[in-house]
Amino acid sequence: MQGVSRTFEVGGRPVRALDDVNLHIRHGDYIAIMGPSGSGKSTLLNLIGCLDRPTRGSYHLDGRQVASLDEAELTRVRRHMIGFVFQFFHLINRLTAAGNVELPMIFAGIARSERRRRVAEALAQVGLSDRADHRPQQLSGGERQRVALARATVMGPRILLADEPTGNLDQKSGQQILELIEKLNEDGLTLVVVTHDPNVARRANRILVLIDGKVAQEVPGEEIAEVVATLLAAAPAESAEPPADSVADSATNSATAPE
Ligand SMILES: Nc1ncnc2c1ncn2[C@@H]1O[C@H](COP(=O)(O)OP(=O)(O)OP(=O)(O)O)[C@@H](O)[C@H]1O
Ligand SMILES: [Mg+2]
């Protein structure tokens, strides 16, 4: 990514969500993105995942200039190369766990028998073989996120983008999700995780700190411990987060809201 900016027009006024970002992500990287609310983290993730395009600058993915891809090629890239996990799971409530995991394969035109096989494998990988027929409302938050992870990885992507994947989970479920995605990273999957939690970020190999749409700081692996200690020391000031229980409630509400 070189000189990438993303400006939105709101009421005739430009809102610069990302401002001249340079970023090189290598295959197999494990990157955490941190920064205050509104600093451009999700915008950056959406650009990396080709859900959105820069208004300025260039972005090469796997050697190809993303701006030059047509809709069909972009769809292919999103379908086969990139997996997304979100804070509010974004599962489809009227489908079972198995149905949610199967969906990307239906879009990709994969044969039914192969879909069945891969659904079983993906659910087994996240430890949910015995929840295949449950609908999202019949699953805990952690289980929902594991279904979302199975869905995000069932097409065998090269890059996994996670926007606050543990933001609505209790510590144990969050830990479980991190361990699962880190195992995928060890097997070569490139991982980019947006997080507010320094304890999550410290697990990455590199931390990017965004402020006002700019990369304010890029923390290499060897300095992560030090920077995280500083962040944690500053943490009490922003401990306005609700307790785990009410977070779980809001997750339930949001999961039923339209996307
Ligand atoms: N579709 C949009 N239209 C207009 N403005 C937008 C749009 N998406 C994001 N923005 C603006 O761009 C800025 C960055 O938003 P972004 O969602 O990337 O922040 P963030 O760092 O992910 O914040 P949070 O931690 O709250 O999720 C914000 O000021 C936001 O209001
Ligand atoms: Mg965001």
Verdict on Val85 being touching a strand residue (DSSP E or B) at 6+ places or on another chain (Cβ under 8 Å), over 25 Å from Gln175 (Cβ atoms) and aliphatic (A, V, I, L, M): no
Out of Ile92, Ile25, sole residue that is in contact with a Leu (Cβ under 9 Å, 6 or more places away or on another chain), of a type in the set (A, V, I, L, M, F, W, C) and either away from ligand 2 (no atom under 16 Å from the Cβ) or over 17 Å from Val215 (Cα atoms) (or both): Ile92
Condition met for Gly83 (in a strand (DSSP E or B) and either within 11 Å of ligand 1 (Cβ to nearest atom) or in contact with a Leu (Cβ under 8 Å, 6 or more places away or on another chain) (or both)): yes
Failed condition for Arg144, given (1) touching a residue at least 12 places away in the same chain (Cβ under 8 Å); (2) out of contact with any Phe, Trp or Tyr (no Cβ under 8 Å at 6 or more places or on another chain); (3) not hydrophobic (A, V, I, L, M, F, W, C): (2)
Residues (surrounded by fewer than 19 Cβ atoms within 10 Å (Cβ to Cβ) and of a type in the set (S, T, N, Q)) located in region 97-131: Ser113, Gln125, Ser129
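Could you list, in sequence order, the residues of region 7-47 that are aliphatic (A, V, I, L, M) and more than 24 Å from Ile82 (Cβ to Cβ)? Full working, then the answer.
Taking region 7-47 as the starting set, the residues that turn out to be aliphatic (A, V, I, L, M) are 10, 15, 17-18, 21, 23, 25, 31-34, 44-45, 47.
Correct list: Val10, Val15.
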Val66 vs. criteria away from ligand 1 (no atom under 14 Å from the Cβ), closer than 29 Å to Thr166 by Cβ, free of Cβ contacts under 8 Å to residues at least 60 places away in the same chain and β-branched (Val, Ile, Thr): yes
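Return yes when Arg53 is modelled with pLDDT of 95 or more and within 16 Å of ligand 1 (Cβ to nearest atom) and no when it is not.
No.
The values are calculated or read from the model by the stated rules, or taken from the named source; none is laboratory data. Here the structure is a predicted model, which is why all the values come from computation and not from measurement. For neighbour counting, all protein chains shown are included, and Cβ atoms are generated from backbone atoms with ideal geometry for every residue, glycine included.
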